[in-house]
Amino acid sequence: MRTIFWLAGGLSVGLGMVTVAAYGFNQPGGEVSASFSQFGFDALPSLTITTSGVVGLFLVALGAVLMIKANATAWKQTGGY
């Protein structure tokens, strides 16, 4: 069962990070390169989190919880080390 939690947690974190990095944030003017005249070089205050970003953050949190649960009793198997 622990192996399943490890695999599911790792896949969830990986997929969540890719989702957040690729589709997680949006700028009101579209692509940063296309809206340089509107926002200048810094559009950071105008960034918004998309629905995909929220799902990605949830996947990262879920994966972390699964991996923490998988490793919660590892000290019993190693004798405390």
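The values are calculated or read from the model by the stated rules, or taken from the named source; none is laboratory data. Note that the structure is a prediction, hence the values are computed from the model and not measured. As a convention, Cβ positions derive from the backbone with ideal geometry for all residues, glycine included, and neighbour counts pool all protein chains shown. To get the accessible areas, we keep the full protein, side chains included, count just its heavy atoms, and leave off ligands, DNA and RNA. Shrake-Rupley method; radii C 1.70, N 1.55, O 1.52, S 1.80 Å.
Quick rundown of the values:
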item: Long-range HN-HN contacts of residue 25 with modeled amide H, under 5 Å; result: 50
item: Extension gain from residue 64 to residue 27, taking 0.36 nm per residue of separation minus the Cα-Cα distance; result: 10.5 nm
item: In order through segment 69-79: 3J(HN,Hα) via Karplus (6.51 cos²θ - 1.76 cosθ + 1.60), integer Hz, x for Gly, Pro; result: 5, 5, 9, 4, 10, 5, 5, 5, 7, 9, x
item: MRE, 222 nm, helices only [DSSP H, n ≥ 4, -39500 (n - 2.57), over the chain, to nearest 500]; result: -20500 deg cm²/dmol
item: Estimated inter-spin distance, residue 34 and residue 17, nm [label 7 Å along Cα→Cβ]; result: 3.0 nm
item: For the chain: accessible area per residue (Å², 1.4 Å); result: 74 Å²
